[in-house]
1. Over 29 Å from B:Tyr200 (Cα atoms), of a type outside the set (Gly, Ala, Ser) and either in contact with a helix residue (DSSP H, G or I) (Cβ under 8 Å, 6 or more places away or on another chain) or away from chain A (no Cβ under 11 Å) (or both), is that true of B:Tyr29?
2. Do you know which of the residues in segment B:133-152 that are within 22 Å of B:Tyr83 (Cα to Cα) and polar (S, T, N, Q) is surrounded by the fewest Cβ atoms within 10 Å (Cβ to Cβ)?
3. How many residues are more than 20 Å from the chain's Cα centre (by Cα), of a type in the set (A, V, I, L, M) and surrounded by fewer than 16 Cβ atoms within 10 Å (Cβ to Cβ) when one looks only at segment A:138-177?
4. Would you check which residues across segment A:220-231 are within 23 Å of A:Ser71 (Cβ to Cβ) and part of a helix (DSSP H, G or I) and list them?
5. What's the number of the condition A:Phe196 fails, among (1) crowded, with 18+ Cβ neighbours inside 10 Å; (2) more than 28 Å from B:Ser26 (Cβ to Cβ); (3) more than 9 Å from chain B (Cβ to nearest Cβ)?
6. If you go through segment B:86-102 one residue at a time, do you hit one that is under 19 Å from the mean Cα position of the chain (by Cα), within 10 Å of another protein chain (Cβ to nearest Cβ), among the β-branched types (Val, Ile, Thr) and part of a helix (DSSP H, G or I)?
7. Using beta carbons and a limit of 9 Å, which pairs, at least six apart or on different chains, have the first residue in segment B:185-203 and more than 7 Å from chain A (Cβ to nearest Cβ) and the second one basic (Lys, Arg)?
8. Show the residue pairs meeting these rules: Cβ distance below 6 Å; 6+ apart or different chains; first residue within segment A:55-82 and closer than 16 Å to A:Ala102 by Cα; second residue of a type in the set (Asp, Glu) and at pLDDT below 90.
Amino acid sequence: MTSLLALFQLRLKGMIQYKASFFVTLFSQPIVFFINYSIFTTLYQYNNTTQIKGYSLEQMIWYFAAAMFVSKVSFNYADTNISEKIISGSLLYDLTRPVSIAAIEVAHVFAHRIVSLFTEMLPLFVLYAVWIFPVFLDLWVIMKFICLALGCAVMYFFLRFIIGLLAFYLKENKGLIVISNILINFLGGGFFPLEFLPAEFNDLLDYLPFKYLFYWPVQFFLNRPQTNDIWFFLRILGIQCIWIVIFYVIFKVLMKSSMKSYCGAGG
Amino acid sequence: MMNFIRKHLYYINYFFSSVLMQVKQSMMYRNNFFIMIFVSLLGVSTGPIFQFLLFSQTRGYPGWTLDQIVFLQGMVLLITGVYATLVGSAKEVFIRYCHLGELDRLLLKPVYSLYFIFAEGFTITNIGSVAAGIVIVAISAIRLNINLTPVTVLLFIACLLASFLFSLALDILFFCITVFFIDTNRIIFVFTALRRFSNYPLELFSLAGQILLVTILPLSIIVYFPTQVLLNQSGLFLYIAAGSSVLWFVLVIFLWNITIKRYVNAGG
């Protein structure tokens, strides 16, 4: 635990080393907000409607903010870090440490996410809330959202770690990392509401893990009608848990088989 | 005069040598190379796909038909693809130069450093976006029955030049910020977010937003105005945006010359 805390502190210091640069980054969110706000305000006005695909203007704009929250809670560089270590051979150093390579990545993720909470998520929430107050939010909705967002973070961590471990077999997997990132966001509703995709395709996505990464946590955040049922919430949480177990088993099998054949030649 | 031509021929020659070297490097991992072409296409396509879905399932945007929107999105893929292929990774190259101290070596050479940085920004894998852009633009141009007169072609070329000048200006501004802030890996996101303005029709924004995007921050020149020229819908705003882009480029070069004089090594 002490080693993990030290790793966490080290990462945290590294992240806030260049403070000025860090604060300039905050400007990216208002830009994205302004673009989304302009597009959808014009679109709703021009279409003379209060609902598009079941979303009110407020919910549509908040959809992108909520998707960004989930992304900020769950985002990690486990795939890139692991594959770079495998390709460069520096994995050898990590294997000699008294903590597992997965634990090292967990410490990095915690450091990243805590900094992100204060510097990205909270300012983003305030920015959107000042402009369009989220009338659909209450304490119960926030609690359900936090539960599902955390489930998403665990799922996402294992998924990205597995992709990183594939570097043992593929050697160069940068392309795979970027493709998987785009596909996860596209099929999970991270880029836009999935209602815009054909209904049959949407039904197919129910059987894949991606929808439980972005789309469902966002639906609970927006307090959409179907999310008011407690059993429905437990069902989505249960499906997330099943996917976490599946990813964990794959992760364990991959780790075991790759460690058996791994041979470090550096020194 | 001869000296000027010789100097620029040397830079063009260096650019092509750099291109050749990077193509060879990319082909080292052939499978990954083809995956990266697909990746670049996928990466830039998500925005156009969403706009298409949004437009086709609603009444769309004021003043735009579905074919025109598809044409605009094809132009987004084509213009941003060409720029990204030619100098797309210049920002990453400059960050690497600063962090590793390689900029010091470059500044010692009797050449203009910006040429070298941009020459190394060539990224062959962005060619996927260019190919997709050409196909979409060609198909929608036929559907829209676009007529190209010599004046239209000349105006379009001038517009593209202004578009590239403004894109280069944004990149050089990023270089200047990197010299001052050192760690700008995350500031790239601000620039990426800014460039998103250029992917949408100007009519989507409020009047104040439109004026801003034409005058002070002429992002509309990157894709919107070249598209409008081909659709025969350009007006006075086009010339203002083009003039503003040239002004931006001149000012940013001036800023670069000041910045590079104040540069202090931050690398190891």
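The values are calculated or read from the model by the stated rules, or taken from the named source; none is laboratory data. Owing to the predicted nature of the structure, the values given are computational and were not obtained by experimental measurement. Reconstructed Cβ throughout: ideal geometry from the backbone, glycine too, with neighbour counts over all protein chains shown.
1. No; evaluated as a whole, the condition is false for this residue.
2. B:Thr152
3. 1
4. Selection gives A:Phe220, A:Phe221, A:Gln226, A:Thr227.
5. Unmet for A:Phe196, out of (1) crowded, with 18+ Cβ neighbours inside 10 Å; (2) more than 28 Å from B:Ser26 (Cβ to Cβ); (3) more than 9 Å from chain B (Cβ to nearest Cβ): (3).
6. Checked against the condition, which is being under 19 Å from the mean Cα position of the chain (by Cα), within 10 Å of another protein chain (Cβ to nearest Cβ), among the β-branched types (Val, Ile, Thr) and part of a helix (DSSP H, G or I), segment B:86-102 yields no hits at all.
7. Filtered contacts from segment B:185-203: B:Ile188/B:Lys91; B:Phe191/B:Lys91.
8. A:Ala78/A:Glu105
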